[in-house]
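Student: Take this structure, written in structure tokens, and hold onto it; I'll ask about it next.
Read the figures in this text as sums done on the coordinates, not as results from a lab. It should be emphasised that the depicted structure is a prediction, and the values quoted were computed from it without experimental measurement. Methodologically, a virtual Cβ is constructed for each residue, glycine included, from the backbone with ideal geometry; neighbour enumeration extends over all protein chains shown.
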Amino acid sequence: MTQHDASDRAIVRLIPKAEARAIRHGYPWVYANELVTDRRTRGLPAGSIALLEDANRTPMGVVAVNPASKIICRMLDQNPEAVIDQAWFAAKISRALAHRARLYPDPFYRLIHAEVDGLPGVIIDRFGDIAVVQPNAAWADVLIAPLVAALQDVTGVTTVIMNGTGRTRTLEGLDERMDVLAGHAPTAPVAVPMNGAIYLADIMGGQKTGLFFDQRPNHAFAAGLSQGARVLDVFAHVGGFGLAALAQGAASVLAVDGSAPALDLAEQGAAAMGVAERFSTRKGDAFDVLTALAEEGAQFDVVICDPPAFAPGKAALEAGLRAYERVARLAAPLVAPDGYLALCSCSHAVDLTKFRNASARGIGRAGRRGQIIHTGSAGPDHPLMPHLAESGYLKAVFFRL
């Protein structure tokens with residue numbers, strides 16, 4: 001059986017109690033407890049393409065099946081006759097590219113944002129003529145060749161890197177690996193222009209795809225507050241908020257991170273921008289450094305904290321909220337009177353209200369009072385799926401203290 005022939009596809013079927021209407025209206029996932037999992041279904045190889053039917057045997061569309069995953073089916077196409085081949089990939093990528101090309105003058109952005117762009121579990125970040133693909137679902141591993149061919153054909157990228165690392169692949173039962181699928185791996189960090197700053201992305205050895213494009217509008221908002229300001233950028237990674245602030249005329253930036261390689265890239269970015277003399281770094285655990293800065297009596301006009309996901313899943317929710325509260329409590333005393341504190345969360349499990357409340361509690365426990373002046377989310381190259389709350393993971397809340 002080939003993936004390309006619709007006539008001899010396996011058929012998988014919803015149980016009568018499953019919410020067929022939600023799937024018809026665009027919900028992209030079927031959980032294992034919503035599907036008839038007989039021996040034949042359980043025997044399908046991970047990444048198989050199948051026809052999904054409702055309990056009355058009415059075709060609902062073409063799905064990718066992974067019996068090893070809690071998300072047993074991902075909807076690929078609501079047309080039951082759809083053929084999942086290079087032309088199909090090209091149509092999805094072309095549609096996604098048209099949106100990004102309208103948003104950004106330079107080809108540096110998230111090109112494919114998984115389910116929302118019609119390629120479930122697939123992330124593609126673009127760095128000029130390099131694309132980094134994260135295939136976080138088994139079907140994308142199986143069909144990586146037509147995906148890469150379509151990607152090169154539509155965008156003209158010459159190098160395609162597969163970054164198959166991270167928690168999501170493990171949940172899908174997939175192995176972790178890095179591969180060069182086309183072209184040649186970059187031998188040096190890639191310069192990325194964004195918000196007037198220059199970032200250096202370590203595509204082969206950095207976090208995720210090497211750079212976080214999602215914070216772009218929040219970097220810009222914080223930078224707008226930072227003219228002539230003393231800025232503290234905590235969990236700075238490669239200098240996201242700090243370098244944007246320098247591009248907008250910040251007087252000084254102190255970047256704090258636990259990773260020496262990330263801070264080194266941030267310093268290289270500041271040098272490339274010609275602002276190295278206004279930029280300094282401090283390596284260490286963020287909580288320890290925040291505590292030490294308070295003991296030193298340090299004050300900043302703008303403080304930004306953009307930590308990693310403290311609550312990657314529901315099980316970690318309470319501990320995550322306590323960690324966000326602690327960040328706010330330690331950061332607030334460092335903000336000069338009438339200065340600004342920006343707090344971010346990229347945890348799927350923490351909704352905006354819970355995050356805002358935890359942040360406000362922390363500010364209150366530090367003896368400060370704040371007004372919320374702005375709430376930000378991921379940029380428009382990270383579109384949201386109305387049916388899928390998980391696609392709206394990033395929150396940034398700006399307080400004036």
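Student: What number of lysine-lysine pairs in the chain show an alpha-carbon separation below 20 angstrom, given a sequence spacing of 8 or more or placement on distinct chains?
Tutor: Lysine pairs satisfying the spacing and distance rule in the chain number 6.
Student: Treating the beta-carbon of each Lys and Arg as +1 and of each Asp and Glu as -1, no other charges, what is the dipole magnitude of the range 221-344 about its Cα centre, to the nearest 20 debye? Write out the running numbers ahead of the final one.
Tutor: Details: 8 positive and 14 negative charges, 42 e Å.
About 200 debye.
Student: Charges at C-beta only: +1 for Lys and Arg, -1 for Asp and Glu. How large is the resulting dipole of the range 158-247 about its Cα centre, in Debye rounded to 20?
Tutor: Working: 6 positive and 7 negative charges, 45 e Å.
Taking the Cα centre of the range 158-247 as origin, the dipole is about 220 debye.
Student: Under the classification rounded if a/c is under 1.5, otherwise prolate if a/b is larger than b/c and oblate if not, where does the range 172-227 fall, given a ≥ b ≥ c as square roots of the Cα gyration tensor eigenvalues?
Tutor: Oblate.
Student: Report, by chain and number, residues whose modeled amide H sits under 5 Å from the one on Leu76, excluding near sequence neighbours (fewer than 5 apart, same chain).
Tutor: Placed amide hydrogens put Val62, Val63, Ala64 under 5 Å from Leu76.
Student: With charges only on Cβ, +1 for K and R and -1 for D and E, what is the dipole size of the range 282-370 about its Cα centre, in debye, rounded to 20? Mind dumping the intermediate values first?
Tutor: On the way: 12 positive and 10 negative charges, 67 e Å.
Taking the Cα centre of the range 282-370 as origin, the dipole is about 320 debye.
Student: Tell me the mean residue ellipticity at 222 nm calculated for the chain from its helices only (DSSP H runs of n ≥ 4, each -39500 (n - 2.57), averaged over every residue, nearest 500). Display every interim value, and only then the final one.
Tutor: Values: 12 runs with 119 residues, N = 401.
Here the helix-only value at 222 nm equals -8500 deg cm²/dmol.
Student: Could you check what % of the DSSP bridge pairs in the chain are antiparallel, to the nearest 5? Show your work: numbers first, answer last.
Tutor: Numbers: 47 of 74 bridges.
Once the DSSP bridges in the chain are tallied, antiparallel ones form about 65 percent.
Student: Further, regarding this structure: Just to be sure I understand the model, the point goes 7 Å from the Cα along the line to the Cβ. What's the resulting Ala191 to Ala336 distance in nm?
Tutor: Calculated label separation equals 3.2 nm.
Student: Something else about it: Take the alpha-carbon centre of the range 64-134, take the same for the range 276-342, and report the distance between them in whole Å.
Tutor: 35
Student: While we're on this one: Rounded to the nearest 10 degrees, what's the angle between the helix 260-273 long axis and the longest principal axis of the chain, both from Cα atoms, 0 to 90?
Tutor: Long axis of 260-273 versus the principal axis of the chain: about 70 degrees.
Student: So for the chain, taking the charge dipole from beta-carbon charges (+1 Lys/Arg, -1 Asp/Glu), which of Ser252, Gly228, Leu52 sits furthest toward the positive end?
Tutor: Projecting each Cα onto the dipole axis, the largest value belongs to Leu52.
Student: Can you tell me how much longer the chain between Arg21 and Asp288 gets when fully stretched, taken as 0.36 nm per residue apart minus their C-alpha distance, in nm with one decimal?
Tutor: Working: separation 267, 0.36 × 267 = 96.12 nm, distance 5.04 nm.
Here the answer is 91.1 nm.
Student: Sorted by mean Cβ packing within 10 Å, highest first, what order do the peptides 351-358, 119-126, 227-234 take?
Tutor: Details: 351-358: 17.0, 119-126: 24.5, 227-234: 22.9.
My ranking of the peptides, most packed first, is 119-126, 227-234, 351-358.
Student: So for the chain, taking the charge dipole from beta-carbon charges (+1 Lys/Arg, -1 Asp/Glu), which of Met162, Leu181, Val335 sits furthest toward the positive end?
Tutor: Result: Val335.
Student: Helix 86-103: angle to the longest alpha-carbon principal axis of the chain, degrees 0 to 90, nearest 10?
Tutor: Relative to the chain, helix 86-103 is tipped by roughly 30 degrees.
Student: So how much slack lies between Ala316 and His374, counting 0.36 nm per residue of separation and subtracting their Cα-Cα distance, in nm?
Tutor: Values: separation 58, 0.36 × 58 = 20.88 nm, distance 2.68 nm.
Answer, rounded to one decimal: 18.2 nm.
Student: Moving on to the next point. Which whole-number percent is the relative contact order of the chain (Cα, under 8 Å, 6+ apart)?
Tutor: Details: 873 pairs, mean separation 41.4, N = 401.
After rounding, I find 10 percent.
Student: In terms of the Cα gyration tensor, with a ≥ b ≥ c the square roots of its eigenvalues, is the range 264-401 rounded because a/c is under 1.5, prolate because a/b exceeds b/c, or oblate? Before the final figure, lay out the partial values.
Tutor: Working: a/c = 1.72, a/b = 1.25, b/c = 1.38.
Because a/c hits 1.5 or more and a/b fails to exceed b/c, the range 264-401 counts as oblate.
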